[in-house]
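The block underneath contains the structure these notes are about, expressed in structure tokens.
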């Protein structure tokens with residue numbers, strides 16, 4: 001009988017925490033809807049690095065974007081009327097943000113100005129966009145999660161092309177969340193939080209998808225969230241309900257588990273540091289960043305191809 005080898009277990013180490021001066025122990029509309037009304041002083045998400053080694057994160061309930069320097073110091077870059085989640089760089093000075101309230105918005109990092117990027121599709125508001133990734137050609141893949149789940153498997157996966165064409169690739173997902181691309185760009189991995197799994201989405205040459213399958217199955221109260229891929233093609237899966245990061249090989253076998261402290265909500269991951277050799281993790285329930293040195297570097301991320309045409 002074949003027995004799967006137990007994965008190596010490692011502990012994530014603390015890097016930095018949101019300073020008390022930035023914490024807001026107050027009621028918010030976001031926490032009322034998504035945290036059962038629990039007072040939530042912050043909820044960090046969307047980690048992404050710039051070329052100077054600064055880490056940017058979102059704070060969903062309070063509409064804030066923070067920059068963290070390599071020594072762990074925090075700066076407030078923007079605060080606006082929104083619920084920002086995932087981020088990627090559109091260009092060297094502009095972050096593109098998936099915002100639950102406002103659709104896709106862009107942030108000028110130098111000025112802190114937030115402006116609309118893609119608010120609606122065919123005059124219809126999105127359910128609630130969540131995360132995003134660019135491919136090498138400048139195509140943007142993003143998820144529209146809203147409050148979908150097994151009771152309402154209507155979450156969506158979109159592709160926004162550089163010419164402004166918006167393609168609906170999937171509309172039957174029970175809570176689409178994080179997205180990541182394989183090293184060759186031919187497969188998109190899609191975190192399906194309420195289904196407690198990760199889907200494998202082949203991207204075909206004609207622009208369509210087919211034979212979408214369930215790649216990995218997790219367990220626990222809240223399933224896969226943010227995703228990343230390393231240069232070996234391994235998929236890293238933030239699992240908030242467990243407080244873990246799964247490291248999966250090409251067969252979706254867990255070869256490593258990175259654990260936060262008890263009670264952690266590990267929501268998203270990003271590679272940074274020298275040669276992208278360190279994994280940084282948002283522990284949203286504690287308002288802090290954890291990290292781990294990895295034996296394989298992260299896959300470099302692509303940026304956008306510039307402003308889209310009008311839709």
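Read the figures in this text as sums done on the coordinates, not as results from a lab. Note that the coordinates shown come from a computational prediction; the quantities given were computed from them, not determined experimentally. Please note: Cβ atoms are built from the backbone with ideal geometry, for glycine as well, and neighbour counts cover all protein chains shown.
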Rg to Rh quotient for segment 234-311, alpha carbon positions, Kirkwood Rh: 1.07
One checks the Cα atoms of segment 66-108 and finds Rg and Dmax, in Å, of 11.1, 32
Whole-Å distance linking the alpha carbon centroid of segment 1-57 with that of segment 96-114 is 20
Sorted largest first, extent of the chain alpha carbons per principal axis (Å): 58, 49, 40
Binned at 5 Å starting from 0, the alpha-carbon pair-distance distribution of segment 1-72 in whole percents comes out as 3, 13, 19, 16, 14, 11, 9, 6, 4, 3, 1, 0
Shape metrics for segment 40-123, restricted to C-alpha atoms - Rg then Dmax, Å: 12.2, 45
What order do you get for 53-60, 191-198 when each peptide is scored by the mean count of other beta carbon atoms within 10 Å, highest first? 191-198, 53-60
How fast does segment 160-311 diffuse by Stokes-Einstein, in µm²/s, taking the Kirkwood radius from C-alpha pairs at 37 °C and 0.692 mPa s? 204
Max mean-square fluctuation residue, GNM over the chain, Cα-Cα springs under 10 Å, options 242, 95, 203: 203
